[in-house]
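Visitor: Would you mind keeping the following structure in view while I ask a few things?
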Amino acid sequence: MNDLNKAEKKVIDRCGTEPRFSSELLCEERKGTFNCKKCGQPLFSSEHKFESGSGWPSFYDIIESKKVGQREDNSHGMIRTEVFCTGCKAHLGHLFKDGPQDETGLRYCINGIALTFEKD
């Protein structure tokens, strides 16, 4: 397991959210894999990454369904779907149904601070 700094713990362990447009992974365009920052499990492929304009790294699909879990999130007066790493239960972000319609129609809106990038 990776040691997490204070900002990473706030997002990953306490379901926080990093500031919009703050992640260096937002503009990552190389081919590779986005892994869980906490346990290293592969979660997203660069092939599924797209620019959503939201300010957070966005993906329209996951590498494998059993690696990313979902649960209802009723915080902040909203009903959303939280996504988390099944390997270590790290909070990743949220799932929305406003992604590319020519693909899955889904948008995994992910905190870049919860990920590492491994170039192919």
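Visitor: Could you grab me the full set of residues in segment 59-107 that are modelled with pLDDT of 95 or more and among the hydroxyl-bearing types (Ser, Thr, Tyr)?
Guide: Hits for segment 59-107 are 60, 81, 86, 104.
Visitor: Does residue 93 qualify as being outside any strand (DSSP E or B) and on the phi > 0 side of the Ramachandran plot?
Guide: Values: outside any strand (DSSP E or B): no; on the phi > 0 side of the Ramachandran plot: yes.
Considered against the rule, which asks whether it is outside any strand (DSSP E or B) and on the phi > 0 side of the Ramachandran plot, residue 93 comes out as no.
Visitor: May I pose another question? Do you know which of the residues in segment 85-109 that are of a type in the set (Lys, Arg) and over 19 Å from residue 19 (Cβ atoms) is surrounded by the fewest Cβ atoms within 10 Å (Cβ to Cβ)?
Guide: From segment 85-109, those of a type in the set (Lys, Arg) are 89, 97, 107; that's our starting set.
Imposing the further condition that a residue be over 19 Å from residue 19 (Cβ atoms) reduces the set to 89, 97.
Values: 89: 13, 97: 10.
Checking each candidate, the answer is 97.
Visitor: Going by the conditions given, is residue 84 within 11 Å of the chain's Cα centre (by Cα) and on the phi < 0 side of the Ramachandran plot?
Guide: Working: within 11 Å of the chain's Cα centre (by Cα): yes; on the phi < 0 side of the Ramachandran plot: yes.
Judged against the criteria, residue 84 is a match.
Visitor: Out of 10, 66, 37, 6, I need the residue that is surrounded by 15 or more Cβ atoms within 10 Å (Cβ to Cβ) and without any contact (Cβ under 8 Å) to a residue 24 or more places away in the chain. Which one? First the steps, then the outcome.
Guide: On the way: 66 fails: surrounded by 15 or more Cβ atoms within 10 Å (Cβ to Cβ); 37 fails: without any contact (Cβ under 8 Å) to a residue 24 or more places away in the chain; 6 fails: surrounded by 15 or more Cβ atoms within 10 Å (Cβ to Cβ).
Exactly one residue qualifies, and that residue is 10.
Visitor: Also, I was wondering about something else. Go through 29, 82, 18, 47 for me and flag whichever is outside any strand (DSSP E or B) and buried (at least 16 other Cβ atoms within 10 Å of the Cβ).
Guide: Numbers: 29 fails: buried (at least 16 other Cβ atoms within 10 Å of the Cβ); 82 fails: outside any strand (DSSP E or B); 47 fails: buried (at least 16 other Cβ atoms within 10 Å of the Cβ).
Of the residues listed, the single one that is outside any strand (DSSP E or B) and buried (at least 16 other Cβ atoms within 10 Å of the Cβ) is 18.
The values are calculated or read from the model by the stated rules, or taken from the named source; none is laboratory data. These numbers come from a predicted model, not from an experiment. Heads up, the Cβs are rebuilt from the backbone with ideal geometry, glycines too, and the neighbour counts pull from every protein chain shown.
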